[in-house]
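Structure record follows, encoded as structure tokens.
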Amino acid sequence: MNSSAIREELVFQAIRSSGPGGQNVNKVSSKVELRFNVQSSLALSEEEKILLLQKLKNKISKMGELILVEQTDRSQLINKQKVIAKLFSLLEKALVKPKKRISTKPSRSSIERRLESKRVQSNLKSLRKDPGE
């Protein structure tokens with residue numbers, strides 16, 4: 001993943017925010033919407049695109065665009081920086097391949113401990129029974 005190449009492919013749109021700002025909200029477009037087309041990206045390899053499309057399928061539109069919105073701050077510039085950081089952290093997490101699990105066998109002592117605890121529990125339950133049974 002080439003972050004500088006991805007930055008060139010980002011499309012920003014400023015919208016009027018519903019967040020904090022009082023009367024300023026009606027005048028200034030501080031909400032920032034970021035669009036990143038995963039399918040047509042030149043910065044990502046085919047393998048990375050497939051991985052992103054699988055892992056972020058709920059966040060990607062039918063047109064293959066990843067759409068992120070930020071409106072927590074009153075400043076458009078700060079919201080733009082936050083949404084870029086959000087995009088890169090999302091891509092970073094999605095592109096991490098999980099380690100393959102190596103199956104292991106329980107040790108002999110752990111098996112014996114488990115069986116012993118089962119015997120103790122069984123003995124306790126048998127002591128609770130009515131003597132006539």
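Would you mind computing, in nm to one decimal, how far apart the modelled labels at E9 and K125 are, each placed 7 Å from Cα along Cα→Cβ?
In this crude spin-label approximation the distance works out to 5.9 nm.
Calculate, in nm to one decimal, what E47 and K118 gain on full extension: separation in residues at 0.36 nm each, minus their alpha carbon distance.
20.7 nm is the gain from fully extending E47 to K118.
Taking Cα extents along the principal axes in Å straight from the coordinates, which label in (1) 86, 43, 25; (2) 44, 28, 27; (3) 66, 31, 26 is the correct one?
Step by step, Cα extents along the principal axes in Å for this structure corresponds to label (1).
Which entries of K31/K86; K59/K86; K55/K99; K27/K86; K55/K86 have Cα-Cα distances beyond 18 Å here?
K27/K86
Using only helices, what value at 222 nm comes out for the chain when you add -39,500 (n - 2.57) per DSSP H run of length 4 or more and divide by the total residues, to the nearest 500 deg cm²/dmol?
-14000 deg cm²/dmol
Modelled label-to-label distance, K97 and K62, 7 Å Cα→beta-carbon offset: nm?
Here the answer is 3.3 nm between the modelled labels.
Can you list the lysines whose alpha carbon sits under 26 Å from that of K105, skipping same-chain ones fewer than 8 residues off?
Candidates past the 8-residue exclusion: K97, K118.
Placing unit charges on C-beta atoms (Lys and Arg positive, Asp and Glu negative, everything else neutral), compute the dipole magnitude of the chain about its Cα centre in debye, rounded to 20.
Using Cβ point charges on Lys, Arg, Asp and Glu, the chain gives about 700 debye.
Since every read-out is calculated from the coordinates, none of them should be taken as a lab result. Model, not experiment: these values are computed from the prediction. Positions of Cβ are generated from backbone atoms using ideal geometry, with glycine treated the same way; all protein chains shown enter the neighbour counts.
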